[in-house]
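What follows is a set of notes on a single structure, which appears directly below.
The values are calculated or read from the model by the stated rules, or taken from the named source; none is laboratory data. Remember, it's a predicted structure, so these values are computed and weren't measured experimentally. Positions of Cβ are backbone-derived with ideal geometry, glycine not excepted, and every protein chain shown enters the neighbour counts. Each accessible area value is taken on the protein alone, full model and side chains, heavy atoms only, with ligands, DNA and RNA left out. Shrake-Rupley method; radii C 1.70, N 1.55, O 1.52, S 1.80 Å.
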Amino acid sequence: MLEQYLPFVGLIIFGNIENLILSSQGVVQGADPKTLGGLSIIVVILWFIIGTVLTDVAIQYANVIGFIGGLAIFILGIQAVYEAIKNIRGA
């Protein structure tokens, strides 16, 4: 049963990293941590529901989804590091 989800394991791991990156960007920008945490939980639940319902359709595109997700995480990571360095130098 769990074998059908194996192509998405990397995306699950990278999705959690992406969530951490977005949260850190929100904190750096001065967002309220409680609001940010609540919105983060809502988004995770929505992705869980979408993933559960659409897994059969998405499994055909697992490689493409994994690539796009990895690329997005890479770009967000670069952006987060850039903003952090900019804020450190400005302080």
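When you restrict to C-alpha pairs under 8 Å that are six or more residues apart and normalise by the size of the chain, the relative contact order lands at 54 percent. Taking label points 7 Å from Cα along the Cα-to-Cβ direction, VAL53 and GLN29 give a separation of 2.7 nm.
Ranking of ASP32, ASP56 by solvent-accessible surface, largest first: ASP56, ASP32 (1.4 Å probe, protein heavy atoms only, all chains present).
Ligands, DNA and RNA are left out, and with a 1.4 angstrom probe the accessible area of the chain is 77 Å² per residue. The Kirkwood radius of the chain, taken over pairs of alpha-carbon atoms, gives through the Stokes-Einstein law at 37 °C and 0.692 mPa s a diffusion coefficient of 224 µm² s⁻¹. Backbone phi angles across the range 62-77, fed through the Karplus curve with coefficients 6.51, -1.76 and 1.60 (θ = phi - 60°), yield HN-Hα couplings of 4, 5, 5, 4, x, 5, 4, x, x, 5, 4, 5, 4, 5, 5, x Hz in residue order; Gly and Pro are listed as x. State the percentage of accessible surface on the chain attributable to carbon and sulfur atoms; use a 1.4 Å probe and exclude ligands, DNA and RNA. The value for the chain is 75 percent carbon and sulfur by accessible area.
Computed over neighbours whose Cβ is under 15 Å from that of ILE78, the net charge equals -1, Lys and Arg +1, Asp and Glu -1.
Normalised by residue count, the range 16-59 yields a Cα convex hull volume of 61 Å³ per residue. Taking 0.36 nm per residue of separation and subtracting the Cα-Cα distance, full extension of the segment from ALA84 to PHE67 would add 3.6 nm. Per-residue SASA remark: VAL44, around 80 Å² accessible (1.4 Å probe; ligands, DNA and RNA not included). The long axis of helix 33-58 is offset from the longest Cα principal axis of the chain by roughly 20 degrees. Dipole size of the chain about its Cα centre, with +1 on Lys/Arg Cβ and -1 on Asp/Glu Cβ: approximately 340 debye, rounded to the nearest 20.
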